[in-house]
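The values are calculated or read from the model by the stated rules, or taken from the named source; none is laboratory data. Just so it is clear, the model here is predicted, and its values are computed rather than measured. So basically every Cβ, Gly included, is an ideal-geometry build from the backbone, and we count neighbours across all protein chains shown. Only protein heavy atoms, including side chains, enter the accessible area calculation; ligands, DNA and RNA are left aside. Shrake-Rupley method; radii C 1.70, N 1.55, O 1.52, S 1.80 Å.
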Amino acid sequence: MITHGDDLLISGAWLLGIGTLVGAIGQTRQTLTSTDLGKDLVLKGNGIEAVGNSLQAIGRSKMLNPENERTETYFIFGSWLEAIGNIADAVGIGMQLSGSVEEGIRTDALGSGIQGLGAAIEAIGASLTEETISRSFEIKGNGLISVGSFLESVGNIFILNEKVRMGEHILLLGSWTQVFGAFILIEAFSLGPEPPERGKGGHNRHYSYANYC
């Protein structure tokens, strides 16, 4: 049976997937044209991602119980960090569009770094729980999002150091890496409850998604 917390996790995962895809399309247009064309899509994508991460953090909080409190804290903290990072990215891109280019790029680089750290913390949290197919997907998905976010941070640093073309290509690679990671997460949350596992004494133990948090 799906709980309200599970619904928020799945909804958040889909918003994350949509946001990363919108952002990647915008970054592709920007890289191919060597202009600000597409930067508005990157801004919107980061905004959508922030909402998705916030929903996931709230969903995790609703599923919190004494049995999973330690590992679940990793997911909640990581999701909020990702949301903060995406908001910083959106603010940075908005600053660039309004003319504060250098300061905006710095803010964008910082935001991507925060987002990468948040995804890495979530991947660590997933690795600390009992191994299942959904957990394996979560580790891979959050790992890719983390790598992609750090790549975007590096790309912005290259641009600040006047290596613009190299920086743009690194940003492009990072944005699409996040897309792959986000859609792996959608698959992880769409798997639903794990099948029952036979415990000691021949009794069946039924696990829902929340039991692995």
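Cα axis of helix 164-190 to longest principal axis of the chain: angle in degrees, 0 to 90, nearest 10? For helix 164-190, the angle is close to 20 degrees. Converting the Cα gyration tensor eigenvalues of the range 1-93 into ellipsoid dimensions via √(5λ) gives semi-axes, longest first, of 31, 13, 8 Å. Summing charges over all other residues whose Cβ lies under 12 Å from the Cβ of Phe189, with Lys and Arg as +1 and Asp and Glu as -1, gives -2. Dividing the mean sequence gap of close Cα pairs (under 8 Å, 6+ apart) by how many residues the chain holds gives a relative contact order of 21 percent. Simple rule: put +1 on each Lys or Arg Cβ and -1 on each Asp or Glu Cβ in the chain, find the dipole, and look at Ser112, Leu151, Leu97; the Cα lying farthest toward the positive end is Leu151. Quarter the surface of the alpha carbon convex hull of the range 54-116 and you get the mean projected area, 4.2 square nanometres. Among Asp89, Asp108, Asp36, the largest mean-square fluctuation in a Gaussian network model of the chain, built with springs joining Cα atoms closer than 10 Å, belongs to Asp36. Charging the Cβ of each Asp and Glu at -1 and of each Lys and Arg at +1, and nothing else, the dipole of the range 1-109 about its Cα centre rounds to 140 debye.
In the chain, helical runs assigned H by DSSP with n ≥ 4 each contribute -39500 (n - 2.57); averaged across all residues and rounded to the nearest 500, the mean residue ellipticity at 222 nm is -27500 deg cm²/dmol. Charged side chains reduced to their Cβ positions (Lys and Arg at +1, Asp and Glu at -1) give the chain a dipole of some 220 debye around its Cα centre. Taking Cβ atoms as reference points and 14 Å as the exclusive limit, the residues near Asn46 contribute a net charge of -4, counting Lys and Arg as +1 and Asp and Glu as -1.
Taking the chain as a Gaussian network of alpha-carbon nodes connected by springs under 10 Å, the highest mean-square fluctuation of the residues Gly181, Gly17, Gly94 belongs to Gly94. Charge tally around Gly113: other residues with Cβ under 12 Å, Lys/Arg +1 each, Asp/Glu -1 each, net -3.
When Arg60, Arg70, Arg29 are compared by accessible area of protein heavy atoms, the largest-first order is Arg70, Arg29, Arg60, using a 1.4 Å probe.
With the biggest extent put first, the Cα atoms of the range 107-173 measure 46, 18, 10 Å across the principal axes. By the Cα gyration tensor, the chain has an equivalent ellipsoid whose semi-axes, rounded to whole angstrom, run 35, 14, 14 from largest to smallest.
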